[in-house]
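All remarks here apply to the structure that follows.
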Amino acid sequence: MRQLPIRNTKVHGLYERSFSNDKMVRPRDQQKREAIVEATIKLVSEVGFVDASVAKIAKVANVSPATIYVYYKNKEDLLISIFVEIHGQKASAAMEGFDESSPLKEMFRKIWDNSFKFIAEKRDRMQYHAQFLNSPYSDLVSDTKASDILRPFLAALECGAREKVIKSVDENILVSVMFSAIPVLSGAMPAISGSTSEKIDAMQKNIETAFEMAWDAIKL
């Protein structure tokens, strides 16, 4: 749940237009777009951002390179668009069932559980997400959409700090402390047999311990 700084950049403007401009030369096919996204995520995990060329992505997606330009302005737009999409999905999943009237610890637990489930189920997308955050592309992204989705939770943190329920520190520090254990725990799941839900059940004791430690770290 890293909060990216909001930057009004030309690149992100291209991202916004790539999804809002309906006047395309060729009609769009959602299945083809999804194939391009999945191919990009797969290829980036294997060879990295630099070597994931449009031609290679097109080959994995089983489309022509020209088809990619129907959906995206260029490779940079493609890579950034996928990250922004995943970042928004992650924020939306975290906020599912969020109740502003609940005590802060319950709000925190709901988002913690939601985040763990999303990260555990979307390992390939979260690997892309992590790679992107550690790339130069991360400096070109505006986080407006995800920030808007998370705004009720961030407001609850501010309220909790004012009312001396939790420590009054920078929200980025709070978020980091609260959720840093999730990727570590989810990273241990492949060693456990069974479905994702069965793996989560098997790890429940560790999940409970990690949550309580995170809460103890921020509460007053």
For Lys219, counting only lysines whose alpha-carbon sits under 18 Å away and dropping same-chain residues fewer than eight positions off, the answer is Lys105, Lys110, Lys164, Lys167
Which whole-number percent gives the relative contact order of the stretch 10-218, counting Cα pairs below 8 Å spaced six or more residues apart?
20
Under the Karplus relation 6.51 cos²θ - 1.76 cosθ + 1.60, θ = phi - 60°, what is the ordered set of whole-Hz ³J(HN,Hα) values for the stretch 167-183, x standing for Gly and Pro?
5, 8, 9, 3, 4, 5, 5, 4, 4, 4, 5, 5, 10, 5, 6, 4, x
Among Lys56/Lys145; Lys59/Lys90; Lys90/Lys117; Lys42/Lys122; Lys42/Lys90, which pairs are too far apart, with a Cα-Cα distance over 22 Å?
Lys56/Lys145; Lys59/Lys90
Using every alpha carbon pair in the stretch 42-92, what percent of pairs falls into each 5 Å bin from 0 up to the bin containing the largest distance?
4, 20, 27, 26, 15, 6, 1
What is the dipole size for the chain, taken about its Cα centre, with +1 at each Lys and Arg Cβ and -1 at each Asp and Glu Cβ, in debye to the nearest 20?
600
Only helical DSSP H runs with n ≥ 4 go in: add -39500 (n - 2.57) per run for the chain, normalise by residue count and round the 222 nm mean residue ellipticity to 500 deg cm²/dmol.
-22000 deg cm²/dmol
Suppose we take every Cα in the chain and form the convex hull; what volume per residue is that in Å³?
136
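Only the coordinates and a few stated rules stand behind these numbers; no lab work does. Model, not experiment: these values are computed from the prediction. A quick note on method: Cβ atoms are made from the backbone with ideal geometry, for glycine too, and the neighbour counts reach across all protein chains shown.
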